[in-house]
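Heads up: the structure comes next, in structure tokens.
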Amino acid sequence: FSLTNTGVDVDRNGFTGNEYLPADTYAGTGEDSLSVDYNGGRRGARGLGYMNVDLRAGYRFRLQEGKSLEASMDIINATNRANFANPMGDIRFPATFLVLTDIANGGPTRTLQFNLRYAF
């Protein structure tokens, strides 16, 4: 992601969205803040990454000829990791600069699901 300062227009082109901060180490303030080594320019900082592990286990019980009972269990986000979206990188807003506030892709919490299926 990129770190910018939209409060200035250094090249005086009327567009402040490309006013990238110089290469340095930057940190947010307050709880849930992040510190990043910024290489400067567009996409000069690396986000936190994303990890999600889903597991499934199942077993088939054979009852009579041609009939069975299938049991399975699904664990969604087994690690229960909160995958944060990249923080706001505009230094002009110090209250939200490099502060983790949003979960990426709706971020599922750990979920356990049991399933039964009778096949005949």
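Results, tabulated for the structure shown:
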item: D102/E31 FRET efficiency (R0 22 Å; Cβ-Cβ; nearest 0.05); result: 0.90
item: Solvent-accessible area, 1.4 Å probe, carbon plus sulfur percent, for segment 1-112; result: 50
item: Residue-normalised accessible area of segment 61-118, given per residue in Å² at a 1.4 Å probe; result: 69
item: Accessible area per residue in Å² at 1.4 Å probe, computed on segment 1-57; result: 69
item: Neighbour net charge for P87 - beta-carbon separation under 11 angstrom, K R +1, D E -1; result: -3
item: Proximal charge balance of A71 [Cβ under 14 Å; K/R count +1, D/E count -1]; result: +2
item: FRET efficiency estimate (nearest 0.05) - Cβ-Cβ, Q113 to A82, R0 22 angstrom; result: 0.60
item: Answer label, with volume of the Cα convex hull per residue in Å³ calculated from the coordinates and candidates (1) 136; (2) 105; (3) 215; result: (1)
item: Local net charge near M51, Cβ-Cβ under 14 Å (Lys/Arg +1, Asp/Glu -1); result: +1
item: Candidates V99, V36, V53, ranked by Gaussian network fluctuation over the chain, Cα under 10 Å, top entry; result: V53
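The values are calculated or read from the model by the stated rules, or taken from the named source; none is laboratory data. Quick caveat: nothing in here was measured; it's all calculated off a predicted structure. Glycine also receives a Cβ, built like all others from the backbone with ideal geometry; neighbour counts cover every protein chain displayed. Protein only, heavy atoms only, side chains kept; ligands, DNA and RNA dropped before computing areas. Shrake-Rupley method; radii C 1.70, N 1.55, O 1.52, S 1.80 Å.
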